[in-house]
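Single-structure report; data block below.
Any read-out appearing in this document is the output of simple, stated calculations on the displayed coordinates, not a laboratory observation. Owing to the predicted nature of the structure, the values given are computational and were not obtained by experimental measurement. FYI the Cβ positions are ideal-geometry reconstructions off the backbone, even for glycines, and counts take in every protein chain you see.
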Amino acid sequence: MTEMPLLNVPSSNQSENKNNSTICPDLNDWWEIVYDIVPKYIDTICIIGTLGNVFVLFTYSLHKGPLKIAEIYLTNLAVADLIFLVCLPFWAANIRNGFDWPFGNLLCRSTCASIRLNVYTSIYLLVAVSVDRYLTFVHTLNHRGIRNKTMAKRICLLAWFFSILLSVPTFMFRTVKHLPLWNISACTLDFPTTSWITSERLVFNIVGFALPSTAIIFLNFSTIRSLQKQARDRRSLRTKSCKEHKGTKATSLIFTVILMFLLCWTPYHFFVFLDILYQIEVIKGCFWEELLNFGEQFGYTLATTNSCINPVIYVFVGKYFRQKVLEVFSQIIPCGFPLSWMSFKEKSSYFKRFPLKSSLT
């Protein structure tokens, strides 16, 4: 089975099972469905995601107010998603072409490295924003020296640098290699030995998902418990802090972004883990080979959805993001900007901020 984070060459009825010398079943009809449906889905994700993330960056960059700490992380997340989405059309064409890579060696390396960069950067930015929420609501008195915008920007730079380092092996060892069994020239990892493949995928699975996901789950579980305790305390005292309420709204947005990331990427990493077991022959046979071939295709296709879903979350969950959108577009279209998509409370808040503009509309 050819290694993939993005490419898994389908088995053919000519491939001999390495464990029991039997012929794997012919699943060409199933792969024809993959070649037809998956590229169309990826193209759709690319269009929607690119427009959505450009919209997010447009809003954050043109808004007159400074970015909040959480918004610094979300802006970097949008940039990472855009890098990923720019590379997707190449992979859609690659799958449509039966995994016969048509774009040359340089694009093979750069595209794969960029996609791997997105995976690492995204999850470590989510770790950073989870730490920020944890410090805000769990250790409220001990974080003032480290929780500031300058530190947030440095953490983002560190996440990018660390992710670039982890993506270097992908850039170095990705190449267009002719596979005579399938009569294609595939963009695949060409390591010196098979043990390198297993090691690389183990690092990707553990460092790129298992460890940061564990940290994210722990941090957010602790934050949720702290928020629930604070809510009970406020109810018992019958008080409501406006600042805490705003922080809770921002945290709800971040929780939703994190949850969707985990839902989208967990199936793919599960199949990567199974593939590691297959490489070291813990699991064997044609059944597992075909399951992993199709499973990783399904998992990766689902994972691509995450890069277009964040802007949707910002609009439907992010109350303060919607206010920023309204303020930005009111600068461009000062008269007659439509308010029908906003709630009554959001309109009231906007009118209080811009009484002169509201009197004109």
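Is it the case that SER163 is of a type in the set (S, T, N, Q) and either out of contact with any Cys (no Cβ under 8 Å at 6 or more places or on another chain) or outside any helix (DSSP H, G or I) (or both)?
So SER163 passes the test.
I need a count of the residues in the range 166-202 that are over 15 Å from VAL119 (Cβ atoms) and either of a type outside the set (A, V, I, L, M, F, W, C) or assigned to a loop (DSSP other than H, G, I, E, B) (or both).
17
Inside the range 206-237, can you point out the residues that are among the hydroxyl-bearing types (Ser, Thr, Tyr), surrounded by 13 or more Cβ atoms within 10 Å (Cβ to Cβ) and either touching a Leu at 6+ places or on another chain (Cβ under 9 Å) or within 14 Å of VAL127 (Cβ to Cβ) (or both)?
Once the filter is applied, which keeps residues that are among the hydroxyl-bearing types (Ser, Thr, Tyr), surrounded by 13 or more Cβ atoms within 10 Å (Cβ to Cβ) and either touching a Leu at 6+ places or on another chain (Cβ under 9 Å) or within 14 Å of VAL127 (Cβ to Cβ) (or both), the range 206-237 yields SER213, SER222, THR223.
Please specify each residue of the range 287-329 satisfying the condition of being over 30 Å from LEU62 (Cβ atoms) and either free of Cβ contacts under 8 Å to residues at least 24 places away in the same chain or touching a Ser or Thr at 6+ places or on another chain (Cβ under 7 Å) (or both).
Matches in the range 287-329: PHE287, TRP288, GLU289, GLU290, LEU291, ASN293.
If we scan the range 304-314, do we find a residue that is small (Gly, Ala, Ser), assigned to a helix (DSSP H, G or I) and crowded, with 18+ Cβ neighbours inside 10 Å?
yes
Can you tell which of VAL176, VAL168 is touching a helix residue (DSSP H, G or I) at 6+ places or on another chain (Cβ under 8 Å) and surrounded by fewer than 15 Cβ atoms within 10 Å (Cβ to Cβ)?
Answer to the selection: VAL168.
Between residues in the range 253-266 that are touching a residue at least 24 places away in the same chain (Cβ under 8 Å) and residues that are assigned to a helix (DSSP H, G or I) and of a type in the set (S, T, N, Q), which pairs lie under 6 Å by C-beta distance while being six or more apart or on different chains?
VAL257/ASN310; PHE261/ASN306; CYS264/THR305; CYS264/ASN306
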